[in-house]
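What follows is a set of notes on a single structure, which appears directly below.
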Amino acid sequence: MLVLRVAVVLALCACAASDRYHAEPPARAAAAPAPRQAELAKAYWYDEAQAAIEKRARRSAGKGKAKNIVFFLGDGMSIPTLAAARTLLGQRQGRTGEESELSFESFPSVGLSKTYCVNHQIADSACSATAYLCGVKNNYGTLGLTAAVARHDCEASLDASTHLESIAAWATQDGRDAGVVTNTRITHASPAGLYAKAANRNWERDEQVTAANVNISSCPDIAHQLIHHYPGNEFKVILGGGRREFYPNTIRDDEDSLGRRTDDRNLVEEWFEEKRSRNATYEYLWNRSQLKDALNNPPDYILGLFEDTHIPYHAEANNETEPTLAEMTELAIKTLQRNENGFFLFVESGRIDHAHHDNYVELALDETIRLSDAVTVATELLSEEDSLIVVTADHAHVMAFNGYTQRGGSIVGRSDYTGQDGVPYMTISYANGPGARAQTDGVRVDVTAEENFGDLRWRSHAEVPLSSETHGGDDVGVFARGPHHDLFTGVYEQSQLPHLMAYAGRFGPGAHACNAAPVLANTIAFTSLLVVLLAIQRFLCL
């Protein structure tokens, strides 16, 4: 029945145009193997994470409690991207570059996470966000729902048993504050994983839901959920792009762009009204100078929407109107750290992914460096004793770092070698994407002879022609600093990440640091030892 219902939904769905970077996968000639039934349930992934934590905690030397947690995500930040970005950083500083280091590469613990979805070998940013924010793996293109919900299936998503809570919800339930920072639209897949439950990641505004013949009252759009549903309506800080998703198409925003909502609702004004009803102080920001002013005396709640859609690449941004990721991170931390109970903050550098999709190598590497800058701000503002900082990626890309170039050769330049055809090739290229060039009589194009070679928006060579380069299925790095950082080592499921962070912070479901009794045989002989061990444990956790 599930397969039949999904087929009907897909057949009827007149879907709105999807994000140009993330086209929906084509229909397959043969159906994919059905996932194991157990993987469709939240309990499967919760149990998997808790078992892993129990094993790791036995050999962990970690102590203390993570009062504050800052979770940084480099969207599409593959391991080759890290190696190339650190090299570019060093070369910009006048060194050979390979010996350089991004800020978080000096963190004491490093691990690898596995990024597949329940129904896809290679993840998108929605299923991965559900994993690293909600602790459960689910289906490609869906947010905040278990794998029992297929993409586009609004009806299936109405079942409360499929709904997931994010680590931001766990934190607010513990009396902490929560916030989100991104340089993409705030309704885009990665940040939406914090607060949305959506059977399609593209349902960012009302018109995209209704265009799919879906009842908007049953499955409200992602922007609406951020403003009106828990936990988004509790976030103390919301900073990113995407104003168009919040304004009706009859209103122009602060930069004279029309909104795109067709329901005549102004969600920014509705956010104002909700905060007024709480007698709380609040502020709406749309430019960099306003953000800098807010640093001096932040209100209770901040909503910053700095662009109609995604915030421009840092290298192309208007410095007068567009804040940097580091500046947004600073405001978020200074606002959230006023809560004595602590906070959870999610920070995404989302445009690494976009640049890779377009085969814009230097822009992708520059955006990675800007993430490093933002991490530096967090390490300077927060103590390693009580604040856990975790840096990772949601998925990889198919960028290759290749050839035998000499030490110090330009990371965005040509390799020292040529192909067997005598034509140069780049140190960085892609397996697929819009940078593919057609051969002439079986001979490759010399891309280094192109008129715009070396420009920021010059596309590196790709092998397979596609309008948008694809994600990769590689494991991605995880870097951790702060209380219980050593739990983040090894190779593990991406869905363990929020459970590990909550364990270190002593909140959320499952075991907490210094809170889980040792596993002992159920015999009278061990009763006294159990009492002693628990007493010692309580003493050590003081």
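Using the structure shown, select from Lys114/Lys275; Lys63/Lys114; Lys275/Lys334; Lys65/Lys114; Lys67/Lys292; Lys42/Lys114 the pairs with a Cα to Cα distance greater than 28 angstrom.
As for pairs spanning more than 28 Å Cα to Cα, those are Lys114/Lys275.
If each residue's Cβ is checked for other Cβ atoms within 10 Å, how do Phe488, Phe346 rank with the fewest at the top?
Phe346, Phe488
Output the peptides 115-121, 502-508 sorted from most to least packed, where packing is the average of other Cβ atoms within 10 Å over each peptide's residues.
Per-residue Cβ counts within 10 Å, averaged per peptide and sorted highest first, yield 502-508, 115-121.
In square nanometres and to one decimal, what's the mean projected area of the convex hull around the Cα atoms of segment 263-309?
If I average the Cα hull's projected area over directions, I get 3.9 nm².
In bins 10 Å wide, starting from 0, what share of all Cα pairs of segment 176-234 does each bin hold, as a percent?
25, 54, 18, 2
Nearest 500 deg cm²/dmol is fine: what mean residue ellipticity at 222 nm does the chain get from its DSSP H runs of n ≥ 4 alone, each adding -39,500 (n - 2.57), divided by its residue count?
It comes out at -8500 deg cm²/dmol, rounded to the nearest 500.
With N set to the residue count of the chain, report its C-alpha Rg divided by 2.2 N^0.38 Å to two decimal places. Please report the intermediate quantities before stating the final value.
Details: Rg = 23.6 Å, N = 542, 2.2 N^0.38 = 24.1 Å.
So the Cα radius of gyration is 0.98 times the expected 2.2 N^0.38 Å.
What does the net charge come to around Ala315 if you take all other residues with beta carbon closer than 14 Å to its beta carbon, with K and R at +1 and D and E at -1?
Taking every other residue near Ala315 into account, the sum is -4.
Among 73-81, 449-457, how do they line up from the highest to the lowest mean number of other beta-carbon atoms within 10 Å?
Numbers: 73-81: 26.1, 449-457: 11.2.
Listed from highest to lowest mean packing, they are 73-81, 449-457.
Counting Lys +1, Arg +1, Asp -1, Glu -1, what net charge surrounds Glu98 among other residues with beta carbon under 14 Å of its beta carbon?
+1
Would you list the membrane-span-like helices of the chain, meaning whole DSSP H runs whose alpha-carbon atoms span at least 30 Å along their axis and whose mean Kyte-Doolittle value is at least 0.5?
361-381
Would you mind counting up the charge near Trp458? Only other residues with Cβ under 14 Å from its Cβ, with Lys and Arg at +1 and Asp and Glu at -1. Could the numbers behind the result be given before it?
Details: positive: Arg414, Arg437, Arg457, Arg459; negative: Glu316, Asp358, Glu362, Asp366, Asp446, Glu450, Glu451, Asp455.
Local charge sum for Trp458: -4.
State the Cα centre-to-centre distance between segment 149-187 and segment 416-453 in whole Å.
Each part's Cα centre sits 43 Å from the other's.
Given all pairs of different Cα atoms, what value in angstroms does the Kirkwood hydrodynamic radius of segment 404-468 take?
12.4
Every read-out reported here was derived from the displayed coordinates using simple, explicitly stated rules and does not represent laboratory data. The structure displayed is predicted, hence computed values, not measured ones. Here Cβ is always computed from backbone atoms with ideal geometry, including for glycine, and neighbour counts include all displayed protein chains.
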